[in-house]
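Each remark here refers to the structure printed beneath this line.
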Ligand code: ATP
């Protein structure tokens, strides 16, 4: 195969979460999105102060360390700690603004689950999100996306086609992945109950949790 000399900007996936702790459900679904959309890398962005939920149990530094351990042998992932350097609530739109400043010409793909996407209209400055990046709506096999009427209309209007591959933002890309029924809440609960969460999360992450006594009470 002849390689072109003109280097295309990398396509970047953006996967935010509390990662309290990161587990194989996160990593596997992010990887499948990258494979299906041909993304060059995925940035895992731990949230400092999530606006929509209770605060994490592990500190920001512990969650960051767990992410670094989780991806240390995977070239497709990058840990991005930009939200931990901002004061106040972590709004996704601010994260996208900051990524767009750094990655001016790169196609950006914000990855969200169907639950989060259904509530998109409650997000801070939600209409600006798609001006800054694409949105990837991730569902499980066989899952129906049921949206409020106003959002359904907006969703249909922004649906991507193959011709939109070169755009750096502005489209919605539905993707179906094998979602593993793993949650960070269940992992924290099993640790508190002295049951091993082995095989639900990377070994190196579990070792750190055990060494530090995290989630034990
Ligand atoms: P918690 O149980 O503490 O609420 P969580 O496991 O849902 O945590 P988060 O860090 O809050 O994880 O989630 C980050 C992102 O990962 C969210 O978009 C969420 O929808 C997605 N996610 C969480 N669990 C899975 C899973 N098993 N498969 C695919 N995506 C997941």
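Only the coordinates and a few stated rules stand behind these numbers; no lab work does. Just so it is clear, the structure is predicted and the values come from calculations on it, not from any experiment. A quick note on method: Cβ atoms are made from the backbone with ideal geometry, for glycine too, and the neighbour counts reach across all protein chains shown.
A few points about this structure:
- Helix axis angle, 149-158 relative to the chain longest principal axis, alpha carbon, degrees: 60 degrees
- Taking only Cα atoms of region 12-181, radius of gyration then Dmax in Å: 15.2, 44
- Whole-angstrom gap from region 89-153 to region 53-71, using each part's C-alpha centre: 22 Å
- Helix content alone sets the calculated 222 nm mean residue ellipticity of the chain: runs of n ≥ 4 DSSP H residues at -39500 (n - 2.57) each, divided across all residues, give -10500 deg cm²/dmol.
- Legend: calculated FRET efficiency, residue 76 to residue 149, from the Cβ-Cβ distance at R0 = 35 Å, rounded to 0.05, equals 0.40.
- Between helix 203-212 and the chain: long-axis angle, C-alpha atoms, 0 to 90°, nearest 10: 50 degrees
- Between 0 and 90°, nearest 10: helix 92-102 axis offset from the chain longest Cα axis: 70 degrees
- Spin-label model distance (nm) - residue 101 vs residue 195, 7 Å beyond Cα toward Cβ: 4.6 nm
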